[in-house]
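Notes follow the structure.
The values are calculated or read from the model by the stated rules, or taken from the named source; none is laboratory data. None of these values were measured; they are calculated from a predicted model. Because the Cβ atoms are built from the backbone with ideal geometry, glycine has one as well, and the counts that use them run over all protein chains shown.
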Amino acid sequence: MVELTENVKELINSSATVKIVGNTPDDPRQRKPNITKAKELLRWEPKVKLRDGLPLMEEDFCLRLGVPKNA
C-alpha cells in the first residue's frame, strides 16, 4: 500500500505527506482483488496499466470536484 501511495504522489507531483494509520472495522482485507473469475466468465482483461491510469483518475477526480489539477 505504501508503494501505491508513493506512485500516486510521484505521478501527481504532490507534496503531501503520508500518514499510516490502523485499519477501520470496515476496511477491506484484500487490497488486490483476484480478477481471475472476471477474466474467465466475461473474457475481460484490463486495458490500462496502473501507472497509466492514475493520471487519468486524477484528472477525472479534479473535474468532478471542481478543483484545479496540480501543475
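For the reader, a short list of remarks on this structure follows.
- In the stretch 1-33, of all residues being of a type in the set (Ser, Thr, Tyr) and surrounded by 11 or more Cβ atoms within 10 Å (Cβ to Cβ), the one that is nearest to ARG51 (Cα to Cα) corresponds to THR5.
- The set of residues in the stretch 34-52 that are surrounded by 11 or more Cβ atoms within 10 Å (Cβ to Cβ), at pLDDT 90 or above and in contact with a helix residue (DSSP H, G or I) (Cβ under 8 Å, 6 or more places away or on another chain) contains only TRP44.
- Figure legend. Inter-residue proximity from the stretch 20-44: first residues without any contact (Cβ under 8 Å) to a residue 12 or more places away in the chain, second residues surrounded by 10 or more Cβ atoms within 10 Å (Cβ to Cβ) and part of a loop (DSSP other than H, G, I, E, B), beta-carbon distance below 6 Å, spacing 6+ or different chains. Indicated pairs: ALA38/TRP44.
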